[in-house]
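Notes follow the structure.
The values are calculated or read from the model by the stated rules, or taken from the named source; none is laboratory data. Predicted model, so just to flag it, every value in this text is computed and none were measured. Because the Cβ atoms are built from the backbone with ideal geometry, glycine has one as well, and the counts that use them run over all protein chains shown. Side chains included, ligands, DNA and RNA excluded: accessible areas come from the protein's heavy atoms. Shrake-Rupley method; radii C 1.70, N 1.55, O 1.52, S 1.80 Å.
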Amino acid sequence: MLTVAQLEEIKKFDAPTICNGIEFFSVRPKTSGFMNTGIRKVFQNSNRTIGYACTAKISAAHPPTDAQKSLPERYYEALHSSPKPSVAVIQDTDPSPVGSFWGEVQGTIHVALGCAGVVTSGGVRDLDEVEPLGFEYYSSCVLVSHANIHLVETGGPVDIGGITIHPGELVFADKHGVVVIPSSVAPYLAQACRAAADAELPVLENSRRHFGGLVPVEDLMKWRAEMVKLRAGATENFTALLKNATV
């Protein structure tokens, strides 16, 4: 568990920098740990969301069974007791989303339960009512109806955007997409993000000096080589830091 200060420090960086920082630890392939383009931020703002996943599965194609009608209380209890801030991570099990679990009522309930937003393979609605709540939507689509929406499962792993997320995993999302932060690297991630940003400075700062003209390609390649060297050094340092921290 990270402190509030640690979480806020991570939120100073965007999702691409988060991904770059995670790469320095060499804990997973560079092609994993983030959702595909099927899940996008709905509200057109620059807000960033970070929190611990509280998971569930939903369906709207058919009415709930008697057993499923008792699941909302169980889900809210899980959300109430989950680490804060939390992020609802909800898998829509229908072949194609037909009904939204999300609207003004659920958005208000979730804010009252300490939830920062939702990541869902389903759809969302009531956009005008929910955005002022500060509750962020990351979804596959926008829907008009709730249809026969109901919970079919609470807790457990869910598959969304091409990856599997487990309850309690740390999720980061912004207008670029959704990233899962490995728990082992989370305490050092802000430091790694600063290193990732610093590694780009040789290219960025020197190139900007040539705006209005043409940068010599020979110089550009030299600055890129310096960036690559800085990234390699950061990978070595943070991989060693993580190894020493887990010994």
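State, to one decimal in nm, how far the label point of Leu201 lies from the label point of Val217, with both points 7 Å from Cα in the Cβ direction.
Distance between the two pseudo-spin positions: 2.9 nm.
For Phe43, which sequence-distant residues (separation of 5 or more, or a different chain) have an amide H within less than 5 Å of its own amide H, given hydrogens modelled in the peptide plane?
The answer is Tyr137.
Using the Cα gyration tensor of region 186-247, with a ≥ b ≥ c the square roots of its eigenvalues, what is the shape: rounded (a/c below 1.5), prolate (a/b larger than b/c) or oblate (neither)?
Oblate, because a/c is 1.5 or more while a/b does not exceed b/c.
Taking all protein chains together and a probe of 1.4 Å, list Lys84, Lys30 from the most accessible to the least accessible.
Reading off the accessible areas and sorting them downward yields Lys30, Lys84.
When all protein chains stay in place, what accessible area (Å², nearest 10, 1.4 Å probe) is found for Tyr76?
Surface accessible to solvent at Tyr76 totals approximately 60 Å².
Relative contact order, percent, of the chain when contacts are C-alpha pairs under 8 Å separated by at least 6 residues?
Relative CO of the chain lands at 29 percent.
With charges set only on the Cβ (+1 for Lys and Arg, -1 for Asp and Glu), what does the dipole of the chain come to about its Cα centre, in debye to the nearest 20?
So the dipole magnitude of the chain works out to roughly 680 debye.
Return the percentage of antiparallel bridges among DSSP beta bridges fully within region 100-247, rounded to the nearest 5 %.
Given both bridge residues lie in region 100-247, the antiparallel proportion sits at roughly 55 percent.
Along region 100-110, what does the Karplus equation 6.51 cos²θ - 1.76 cosθ + 1.60 (θ = phi - 60°) give for ³J(HN,Hα), rounded to whole Hz, x for Gly and Pro?
8, 7, 10, x, 4, 5, 5, x, 5, 4, 5
Compute the orientation-averaged projected area for region 124-173 from the convex hull of its Cα atoms and round it to one decimal in nm².
Taking a quarter of the hull surface, the average projection is 4.7 nm².
Per residue of region 20-36, in order, report the coupling 6.51 cos²θ - 1.76 cosθ + 1.60 (Karplus, θ = phi - 60°) as ³J(HN,Hα) in whole Hz, putting x for Gly and Pro.
4, x, 4, 4, 4, 8, 6, 9, 7, x, 5, 9, 10, x, 9, 7, 7
Take the alpha-carbon positions of region 41-148, form their convex hull, and give its projected area averaged over all directions (one quarter of the hull surface) in nm².
Taking a quarter of the hull surface, the average projection is 6.2 nm².
Set Lys and Arg Cβ to +1 and Asp and Glu Cβ to -1, take the dipole of region 103-247 about its Cα centre, and tell me which of Leu133, Tyr188, Gly122 lies farthest positive.
The one lying farthest along the dipole's positive direction is Tyr188.
Using a 1.4 Å probe on the protein heavy atoms only, what accessible surface does Thr164 show? Give it in Å² to the nearest 10.
Counting only protein heavy atoms, Thr164 exposes about 70 Å² to solvent.
For every other residue with a beta carbon closer than 10 angstrom to the beta carbon of Gly99, add +1 if it is Lys or Arg and -1 if Asp or Glu, then tell me the sum.
Local net charge: -1.
Run the dipole for region 1-93 about the Cα centre, Lys and Arg Cβ at +1, Asp and Glu Cβ at -1, nothing else charged, and hand back the magnitude in debye, nearest 20.
Using Cβ point charges on Lys, Arg, Asp and Glu, region 1-93 gives about 200 debye.
Once the chain is represented by equal point scatterers at the alpha-carbon sites, with solvent omitted, what log10 I(q)/I(0) does the Debye formula produce at q = 0.11, 0.13, 0.14 Å⁻¹?
Values returned for q = 0.11, 0.13, 0.14 Å⁻¹ are -0.64, -0.82, -0.91.
Among the aspartates and glutamates, which fall within straight-line cross-link reach of Lys11, defined as a Cα-Cα distance under 18 Å, with same-chain neighbours fewer than 8 residues apart omitted?
Glu23, Glu136, Glu169, Asp174, Asp198
For the chain, give me the percentage of DSSP beta bridges that are antiparallel, rounded to the nearest 5 percent.
Beta bridges within the chain, antiparallel portion: roughly 50 percent.
Which cross-chain or sequence-distant (5 or more) residues have an amide H under 5 Å from the amide H of Val178, H modelled 1.01 Å from N in plane?
Amide H neighbours of Val178: Met35.
Express the carbon and sulfur contribution to the solvent-accessible surface of the chain as a percent, rounded to the nearest whole number, probe 1.4 angstrom.
With neighbouring chains kept in place, the figure for the chain is 55 percent.
What nm distance separates the two modelled labels at Ala240 and Glu226, each placed 7 Å from Cα along Cα→Cβ?
Taking the two extended label points, one gets 2.3 nm.
What does the C-alpha gyration tensor say about the overall shape of region 124-247? Classify as rounded when a/c is under 1.5, otherwise prolate if a/b is larger than b/c, or oblate.
oblate
Sort Asp174, Asp159, Asp126 by heavy-atom solvent-accessible area, probe 1.4 angstrom, most to least.
Asp159, Asp126, Asp174
Take every Cα pair under 8 Å in region 1-130 that's 6+ residues apart, average their separations, divide by the length, and report that relative contact order as a whole percent.
25
Pairs of Cα atoms under 8 Å, at least six residues apart: use those to get the relative contact order of region 54-186, whole percent.
Taking the mean separation of contacting Cα pairs over the length of region 54-186, I get 32 percent.
Amide H to amide H under 5 Å from Glu153: which residues, 5+ apart in sequence or cross-chain, H placed 1.01 Å off N in plane?
The list, which skips near neighbours in sequence, is Lys57.
Can you tally the net charge around Val124? Count Lys and Arg as +1, Asp and Glu as -1, for every other residue whose Cβ sits under 14 Å from the Cβ of Val124.
-4
So what are the ³J(HN,Hα) numbers for region 219-234, from phi and the Karplus equation (6.51, -1.76, 1.60; θ = phi - 60°), rounded to whole Hz, Gly and Pro as x?
Once θ is set to phi - 60°, the couplings for region 219-234 become 5, 4, 5, 5, 5, 5, 4, 5, 4, 4, 5, 5, 5, 5, x, 5 Hz.
In nm, what is the difference between 0.36 nm times the number of residues separating Val27 and Ala61 and their Cα-Cα distance?
Gain in length upon complete extension: 8.3 nm.
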